[in-house]
Structures are given as structure tokens and as C-alpha cells.
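Colleague: Structure below; questions to follow.
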Amino acid sequence: MSTLAAKLRTTLEMIKFEHSVFALPFALTGALLAARYAGPGWPAWRQIGWIVVAMVGARSAAMTMNRIADLEYDRRNPRTAGRALVTGALTLRFAWVFALLSAAVLVFAAWELNRLAFLLSPVALGALFLYSYTKRFTMYSHVVLGLCLGMAPAAAWIAVTGSLDRRMVVLCAAVTLWVAGFDVLYALQDVDFDRRAGLHSIPEKFGVARALLVARTMHAGVVVLLGWLAWSFGLAWPAWAGVAAVAGLLVYEQSLVAPDDLSRLDAAFFTTNGFISILFFVSWGTALWVAR
């Protein structure tokens, strides 16, 4: 049992399970918006439960596939040489089994939600698995990663209603730009390795200073899109307070990173983005509660 527990801990570390906080609040916000504007007012607990299961399955499958696909690069990159598949703490066979089981969890959860969610689940998996290979042929891998997380609120809307409102595309675009922007920041630490390995990224293509400008432009777009969405739904003041808080945190996140100083990159990537997603969910959820 202790061996199994240790393997589980290693697996959760490999997929950075704690980072599920990045996308899950946006999915839950999509579910609340769907129930408020196209459903009974609030989503059923059963729906929320299966949405959470689907999100965990999707992210676990995607992160494990990413580690499988990048294994040879992880071996060559000093920053990633301590990862579980590289050191042998987990076997490649185990990773494949875990990825496939996680994908099955997503499909089953989608089946439990509704027919459209089930039919679209393979499409979602295709996008999640494709991301792992995009760095080999395009610098826009950051945008693909953003889209993978950006699908979450639209998927949650579908899970609650069995259909899709076009306004969810705006929220998806906002999440896509948010994730792409902080992934550009994260990629700054691998510029030299990416160039040696023949991998593509915005920092590898344009250099650190211009990549920072791209990330800041993306994050400015996030604030614009969230403001437009709050206006289109006619949300109450807590939603606008949330947009302001997101804007402030994005400015703070960008201030932590400079072309000649990447020492605070972890704080920008992990801590700040966790606060952004949680504050967004709390503020928009409160706005919907006020308007009920």
C-alpha cells in the first residue's frame, strides 16, 4: 500500500495536480452562467460533480501525454532532468496506462452529462493531445495550450444546457489569451534549450524582450474581453470588481518578469495565476448570486 501511495504522489507531482486550480474556476463559472441564463438558475450538484470529474480526467490525460511526448527533451534539458519519467520513478508503461484511464474518465463523465458533451469529448481529447507536439512545428504552441484550457467554460456550458451560447466563445478567447500569455512567460526560461533542440516558441523566435511585449498584449486582451462579456450578460458590480482585480493581478504578474531578471518567474506563473482564477470565479459567482 505504501508503494502504491508513493506512486500516486509521484504521479500527482508529475501532472502538477495542484495546478488544476487554473482552469477549474473558469469551467465552474461557465456552468453558473449557463444555469443562470439558459437553465434553471443554478446547476445541479450532479452536474457540478461530473464537470469536476471531467476536468480532472482531461487535465490528467493531457499532462501525462505531455510528459510522454517530451520525454527525450526532458532528458536533455537540465531544468527537467529530475522529472519522474526521466529518473525512472514512474515507467513509460505506467504513464500510458494512466493517460488512457484519465481519458476514459473524461469520456465517461461526458456521457453522464449529456449527449453533446459525450460526442465532443473525443474532439477535446484530440486538442489536448495535439498540444504536446506543437512545439515541434510552430511557435504558437502557447495559443494551442491556451485553447485547451479555454475550452473549459464552453464545455461546462454544454454540460449544463446541452447546447452552446456564442458569448461563451468570448470567455474561451479570454482564457486562451490568459493562458497563452503566462505560458509565454514560462517559456522564457527555456529559450537557449529550445534553440539547441530545434523547438519553437515565441521567446525562441523573437527573444525575451519582444516575447514579454507579446505576453503583455495578450493579457491586455484578456481584460478587454472580460469587460465585454460582463457587459453583454449585464452582470452586477461584483463581476466588474473581478475584472478590475484580474487586471491588477495581470499587471503585477508582468511586473515580476523583466528581460534581464527571470528570478521571480515561479511567483508570476504559479501563485499569481492561481489567485486570478479563484478571484474571477468568486467575483462572477457573487455577481450571479446578487442578480438571482
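The values are calculated or read from the model by the stated rules, or taken from the named source; none is laboratory data. Nothing here was measured: the structure is a model prediction, and the numbers come from that model. Glycine also receives a Cβ, built like all others from the backbone with ideal geometry; neighbour counts cover every protein chain displayed.
Colleague: Please report, ordered by residue number, the helices (runs of 4 or more DSSP H) entirely within the range 178-259 with at least 3 residues that are within 30 Å of residue 289 (Cα to Cα).
Modeller: 208-233, 237-255
Colleague: Okay, next question. Can you find a residue in the range 138-149 that is under 30 Å from residue 199 (Cα atoms), modelled with pLDDT of 95 or more, hydrophobic (A, V, I, L, M, F, W, C) and in contact with a His (Cβ under 7 Å, 6 or more places away or on another chain)?
Modeller: Checked against the condition, which is being under 30 Å from residue 199 (Cα atoms), modelled with pLDDT of 95 or more, hydrophobic (A, V, I, L, M, F, W, C) and in contact with a His (Cβ under 7 Å, 6 or more places away or on another chain), the range 138-149 yields at least one hit.
Colleague: On to the next question. Report, by residue number, each residue of the range 127-146 that is over 19 Å from residue 15 (Cβ atoms) and in a helix (DSSP H, G or I).
Modeller: 142, 143
Colleague: Quick check: is even one residue across the range 106-119 on the phi < 0 side of the Ramachandran plot, surrounded by fewer than 24 Cβ atoms within 10 Å (Cβ to Cβ), in the same structural domain as residue 67 (by TED's automatic domain parsing) and touching a Cys at 6+ places or on another chain (Cβ under 9 Å)?
Modeller: Checking the range 106-119: not a single residue is on the phi < 0 side of the Ramachandran plot, surrounded by fewer than 24 Cβ atoms within 10 Å (Cβ to Cβ), in the same structural domain as residue 67 (by TED's automatic domain parsing) and touching a Cys at 6+ places or on another chain (Cβ under 9 Å).
Colleague: Also: Please go through the range 71-100 and give me each residue that is under 22 Å from the mean Cα position of the chain (by Cα) and either without any contact (Cβ under 8 Å) to a residue 60 or more places away in the chain or more than 13 Å from residue 193 (Cα to Cα) (or both), ordered by number.
Modeller: 71, 74, 80, 83, 84, 95, 96, 98, 99, 100
Colleague: Does residue 288 satisfy the condition of being modelled with pLDDT under 95, under 20 Å from residue 169 (Cβ atoms), in contact with a helix residue (DSSP H, G or I) (Cβ under 9 Å, 6 or more places away or on another chain) and in a helix (DSSP H, G or I)?
Modeller: yes
Colleague: Okay, moving on. Go through the range 159-197 and count every residue that is surrounded by 21 or more Cβ atoms within 10 Å (Cβ to Cβ), without any contact (Cβ under 8 Å) to a residue 60 or more places away in the chain and either polar (S, T, N, Q) or closer than 17 Å to residue 33 by Cβ (or both).
Modeller: Selection size over the range 159-197: 3.
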